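Note sheet for the following structure.
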Amino acid sequence: MIRFLQKDSKAVKIMFGVIIGAACVSMVVYLVPGLMDNTNSSQAGVYATVREPGAWGRTFGESTQVKTEDVTKLAQQQLQQQHYPDFLLPYMMQRAGQIMLQRTMLKQAADRLHLEVSDADLVRELRTGSFAQYLFPNGEYVGDEKYINFLEAAFGPDMTRSNFETQVKDDMELERLQALVTGGVAVSGQAVHEAELQQDVKVKFDYAVVSLEDQKKTINPTDAELQDYFKQNAAKYASAIPETRKIEYVGFGAAQVPGGKATVSDAEVQAYYNAHLAQYKTEEQVKTRHILIASKDGADASTDAAAKAKAQDVLKQVQSGGNFAELAKKYSEDPGSKDSGGELTMIATASLDPAYAKAAMALNPGQTSGLVKSQFGYHIIQTEQKQAAGVKSMASVKDTIVQAIEQNKQGAAEQTYAQTLAAEAKKDGLEKTAAAHGLHAVTSEYLAKDAVIGGLSDGAPMLAQAFTTEKGTAPATVSTGDGFAVFTVLDVKAAHAPEFAAYKAHVLDDYRDQKAPELLEAATSKLAARAKVLNDLKKAAAELKVPVKSSDLVGEDAQVTDLGAMNGPGAVAFTLAKGGISGPINAGQAGVVLSVTDKQEPTADELAKNFDTTREQLLSKKREDVFDLFLGTMAQQYQQGGGIRMTKQASTTPGLPAGI
């Protein structure tokens, strides 16, 4: 599912557009006092209950339960998409809960306005909307099986067809609500003109760069100053040295398991084959070429007659010996196959129009049909290859079955051997047990949780398990990728503060990181002030030994080295006249002062050319603002009217740490 979500796909944007939109304005709800304070008694599986606010809504209104399972799933998706560590899941639950509450409130508002989406609306969306490329490629339904396969690949095995279609309906309904709320939004021509001037102006400038790293190099505290800093920040360094553990372990691979390579009998192969018959079923499939003259269902009689007459004429040319592929390139109205001479790949007949599939399977390879009417129009079909539904023979899949059984047996043998070693080691110790079996016990140094263990294909699982195991606990088993390991935790060193002498270099880095921004601000302010006194940035920079660079002629969508995006701190350049000198600019890792050397405003023709695009951008932003206000007002109404009842578990979920 995560791979699908990472695609720049319209389908993803449609599926999660409303949720993402709600997330963007979630701070509106965070700022509403008490939204999360309506604590109710705990209900199993329920995160919150939402009903229309006010006495009438609480008494007679229908309630909607926000399920904890759904909140958890959304939190996990956000965690993965933003690459946060797993331990932040409890914090992400609150953010996800806010989004789900917003979505539920919006859904109730849409229902009250009777904006529900019909089954016909859903079908039209799936046929013609952004999901059509997956479910109706070239206008042809992929079939129920491929539909389900798409859902599993895109959204995971838990996504059912019913849930998916309900989700699409809900998204369509919320889009209707958003369109209704923002339908009256407009922007004036004057506002568009002013925005264009700001967006389309271009500047060229010289800029002096004061480096943060250079400022750090000037900070050279004495040992006494560093020790004072170390003491003052004792809490910061209390766990600077992470927890480490000393582990004793024995690792082994398949070659070291007694009994040698597993053998597989014919009876075992037969039993496996019988148990997995569904896996070896083959669908009825056909490979064809076709020429389509389009006449979709519902076309008027004259249009249909004209299409049929044209198809008859092409059929005569085929029957007279015309080259099928060349005629397809010339006449076919199927854009997906026309350029390849009408050729379609081998495809399950269940994914084809029923009339097309029936006609194609009735032909022998090399034969050509007469006219075949489908929901898309009139086809002339040439069958190239076909395959009846059936089951692969055991002989054809025997090698893969033998390999699967061998792997299963080997894995079971390794696990059993590991458990045997662990049981013996519990009595005799790992070293003695290892020696008795011709293996070697290893005692590690003190290892951090992210250490690399030599001699094991993948030591991470063992370390992860070791860091949840108490010192002296009986030997445990763990898979190591290409084998198993048996281990025990010999000793634990808790996270602790370092000795100053050993950690001095880190303390110095921290000290510089704290002090450098102040120096950077002071140096940049001094440079800006001197440049304005001299009315010459280059002279001021030379006096203060600060390097000067020159930009290209850039617009607000440009990136400039050391300054960053021109729609960020550097945007001040667009407000200056030619020759103007900026004040100090904080660009993060540098302080910058710039002087405009050229400025070009858009021409009347350029303004006219970009007018519509700029207007749409302004409209989009204004609609977002209006909908944000609508959502914030609605959230207050729900909170003040008692429309949201949180369970105890939801209301006690911790907030996100600072900066997340």
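The values are calculated or read from the model by the stated rules, or taken from the named source; none is laboratory data. Just so we're clear, the structure is a prediction, and the values are computed from it rather than from any experiment. Heads up, the Cβs are rebuilt from the backbone with ideal geometry, glycines too, and the neighbour counts pull from every protein chain shown. Remember, those area values only see protein heavy atoms, side chains included, never the ligands or the DNA or RNA. Shrake-Rupley method; radii C 1.70, N 1.55, O 1.52, S 1.80 Å.
Observations on the model:
- Taken over segment 106-152, the residue count meeting the criterion of being more than 25 Å from the chain's Cα centre (by Cα) and farther than 30 Å from residue 295 by Cβ is 9.
- When 248, 165 are screened for being under 30 Å from residue 121 (Cα atoms) and among the acidic types (Asp, Glu), only 165 passes.
- Enumeration of residues in segment 193-239 that are under 35 Å from the mean Cα position of the chain (by Cα), small (Gly, Ala, Ser) and loosely packed, with under 15 Cβ neighbours inside 10 Å: 239
- Scan of segment 114-152 for residues that are among the acidic types (Asp, Glu), surrounded by fewer than 17 Cβ atoms within 10 Å (Cβ to Cβ) and in contact with a helix residue (DSSP H, G or I) (Cβ under 8 Å, 6 or more places away or on another chain), ordered by number: 116, 121, 144, 145
- Set 249, 280: member being among the aromatic types (Phe, Trp, Tyr) and either open to solvent by 60 Å² or more (accessible area, probe 1.4 Å) or under 23 Å from residue 492 (Cα atoms) (or both): 249
- Candidates are the residues of segment 71-96 that are modelled with pLDDT of 85 or more and open to solvent by 60 Å² or more (accessible area, probe 1.4 Å); the one that is nearest to residue 109 (Cα to Cα) is 73.
- Taken together, the criteria exclude residue 440 from residues that are over 34 Å from the mean Cα position of the chain (by Cα), closer than 30 Å to residue 228 by Cβ, of a type outside the set (Val, Ile, Thr) and open to solvent by 60 Å² or more (accessible area, probe 1.4 Å).
- Restricting segment 335-349 to residues that are within 34 Å of the chain's Cα centre (by Cα) and in a loop (DSSP other than H, G, I, E, B), the residue that is farthest from residue 282 (Cα to Cα) is 335.
- Scanning segment 135-152 for residues that are touching a residue at least 60 places away in the same chain (Cβ under 8 Å) and among the acidic types (Asp, Glu) gives 140, 144, 145.
- Hits in segment 363-414 (condition: in a helix (DSSP H, G or I), in contact (Cβ under 8 Å) with a residue 24 or more places away in the chain and open to solvent by less than 60 Å² (accessible area, probe 1.4 Å)): 394, 397, 401, 402, 404, 405, 406, 410, 413, 414
- When 275, 255, 301, 267 are screened for being within 40 Å of the chain's Cα centre (by Cα), without any contact (Cβ under 8 Å) to a residue 24 or more places away in the chain and open to solvent by 60 Å² or more (accessible area, probe 1.4 Å), only 275 passes.
- Of the residues making up segment 315-362, those that are of a type in the set (S, T, N, Q), out of contact with any Phe, Trp or Tyr (no Cβ under 9 Å at 6 or more places or on another chain), over 21 Å from residue 304 (Cα atoms) and open to solvent by less than 60 Å² (accessible area, probe 1.4 Å) number 2.
- When each of 302, 332, 369, 295 is tested for being out of contact with any strand residue (DSSP E or B) (no Cβ under 9 Å at 6 or more places or on another chain) and either farther than 29 Å from residue 148 by Cβ or of a type in the set (D, E, K, R) (or both), the lone residue that passes is 302.
- Subset of segment 559-602 that is open to solvent by 20 Å² or more (accessible area, probe 1.4 Å) and of a type in the set (A, V, I, L, M) - its residue that is nearest to residue 519 (Cα to Cα): 587
- If you go through segment 153-175 and keep only what is open to solvent by 20 Å² or more (accessible area, probe 1.4 Å) and part of a helix (DSSP H, G or I), you end up with 153, 161, 162, 163, 165, 166, 167, 169, 170, 172, 175.
A quick yes/no check of all residues on (1) out of contact with any helix residue (DSSP H, G or I) (no Cβ under 6 Å at 6 or more places or on another chain); (2) modelled with pLDDT of 95 or more:
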{"residue": "178", "(1), (2)": "no, no"}
{"residue": "183", "(1), (2)": "yes, no"}
{"residue": "189", "(1), (2)": "yes, no"}
{"residue": "196", "(1), (2)": "no, no"}
{"residue": "202", "(1), (2)": "yes, no"}
{"residue": "205", "(1), (2)": "no, yes"}
{"residue": "209", "(1), (2)": "yes, yes"}
{"residue": "215", "(1), (2)": "no, yes"}
{"residue": "247", "(1), (2)": "no, yes"}
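- Matching entry among 458, 450 (being open to solvent by 40 Å² or more (accessible area, probe 1.4 Å), farther than 30 Å from residue 274 by Cβ, in contact with a strand residue (DSSP E or B) (Cβ under 9 Å, 6 or more places away or on another chain) and of a type in the set (Asp, Glu)): 458
- Selection count, segment 196-216, where residues are touching a residue at least 40 places away in the same chain (Cβ under 8 Å) and either of a type in the set (D, E, K, R) or in a strand (DSSP E or B) (or both): 14
- So residue 283, is it over 30 Å from residue 412 (Cβ atoms) and in contact with a helix residue (DSSP H, G or I) (Cβ under 8 Å, 6 or more places away or on another chain): yes
- Among (1) within 30 Å of residue 106 (Cα to Cα); (2) surrounded by fewer than 15 Cβ atoms within 10 Å (Cβ to Cβ); (3) not β-branched (Val, Ile, Thr), the one test that residue 615 misses: (2)
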